[in-house]
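Everything below concerns the one structure shown next.
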Amino acid sequence: MPYISHLKNCPLFKGLDEQEIAVYRPATHQISYLKGKSIMVEDEPGTTLVILIKGTVTISKKLTLLGEDESDTKNKTFITLTDEYRPFFGEMALLMDDSLRTATVTALTDCEIVVMEKEAFQKVSSEHPTIGRQVMENIARKLANNLERESKNVLKLTTAFSLVLDE
């Protein structure tokens with residue numbers, strides 16, 4: 001279990017010790033990505049959660065500038081994540097059927113990631129319900145924080161548009 005100790009500080013496993021985290025070992029595998037390679041691509045199907053254990057990634061979304069034409073879109077980087085806090089992403093793919101990626105994740109440096117497949121995650125979580133419940137609470141906490149942040153962003157945009165229209 002070479003990378004279980006790397007996962008100890010991952011928010012996905014908050015509240016669990018190394019032995020409890022280790023129950024997910026059969027559901028995971030480690031992958032390397034070279035600088036510049038896409039780890040996830042917006043609008044592509046996804047069935048995995050990813051934990052960054054080494055390196056830096058950017059998360060970007062397509063911005064539609066004028067219409068539906070592909071030439072009318074531009075990618076905008078919204079966040080850069082480092083391995084310092086062992087961030088995880090792609091969690092919606094574990095919870096939804098036929099999930100599409102909501103953003104593109106690109107390796108800004110050479111990266112090491114741990115990948116967890118949806119079916120394997122569900123199997124381990126049902127075999128270890130107490131541990132699975134803790135992990136699901138951690139996922140729910142992240143999704144709630146994301147929703148709160150995005151709600152504030154929508155309010156800011158709505159306020160800006162309202163001010164522009166009033167002028």
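No lab work stands behind these numbers, since they all come straight from the coordinates. Quick caveat: nothing in here was measured; it's all calculated off a predicted structure. Every residue, glycine among them, receives a Cβ derived from its backbone with ideal geometry; neighbour counts consider all protein chains shown.
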Fill in: Count of residues meeting criterion [part of a helix (DSSP H, G or I) and out of contact with any helix residue (DSSP H, G or I) (no Cβ under 6 Å at 6 or more places or on another chain)] in the stretch 26-52
1
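Condition check ((1) buried (at least 17 other Cβ atoms within 10 Å of the Cβ); (2) acidic (Asp, Glu); (3) within 13 Å of the chain's Cα centre (by Cα); (4) assigned to a strand (DSSP E or B)) across all residues:
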{"position": "114", "(1), (2), (3), (4)": "yes, no, yes, yes"}
{"position": "119", "(1), (2), (3), (4)": "no, yes, no, no"}
{"position": "123", "(1), (2), (3), (4)": "no, no, no, no"}
{"position": "134", "(1), (2), (3), (4)": "yes, no, no, no"}
{"position": "137", "(1), (2), (3), (4)": "no, yes, no, no"}
{"position": "149", "(1), (2), (3), (4)": "no, no, no, no"}
{"position": "153", "(1), (2), (3), (4)": "no, no, no, no"}
{"position": "158", "(1), (2), (3), (4)": "no, no, no, no"}
Fill in: Of residues in the stretch 77-106 being surrounded by fewer than 19 Cβ atoms within 10 Å (Cβ to Cβ) and of a type in the set (Val, Ile, Thr), the one nearest to the chain's Cα centre (by Cα)
102
Item to complete: Within the stretch 76-111, work out how many residues are in contact with a Leu (Cβ under 6 Å, 6 or more places away or on another chain) and either of a type in the set (Gly, Ala, Ser) or touching a residue at least 40 places away in the same chain (Cβ under 8 Å) (or both).
Response: 6
Discussion item. Please determine whether any residue of the stretch 143-151 is closer than 24 Å to residue 46 by Cα and of a type in the set (Ser, Thr, Tyr).
Written reply: no
Fill in: Residues of the stretch 113-167 classified as within 25 Å of residue 59 (Cβ to Cβ) and of a type in the set (Ser, Thr, Tyr), total
3
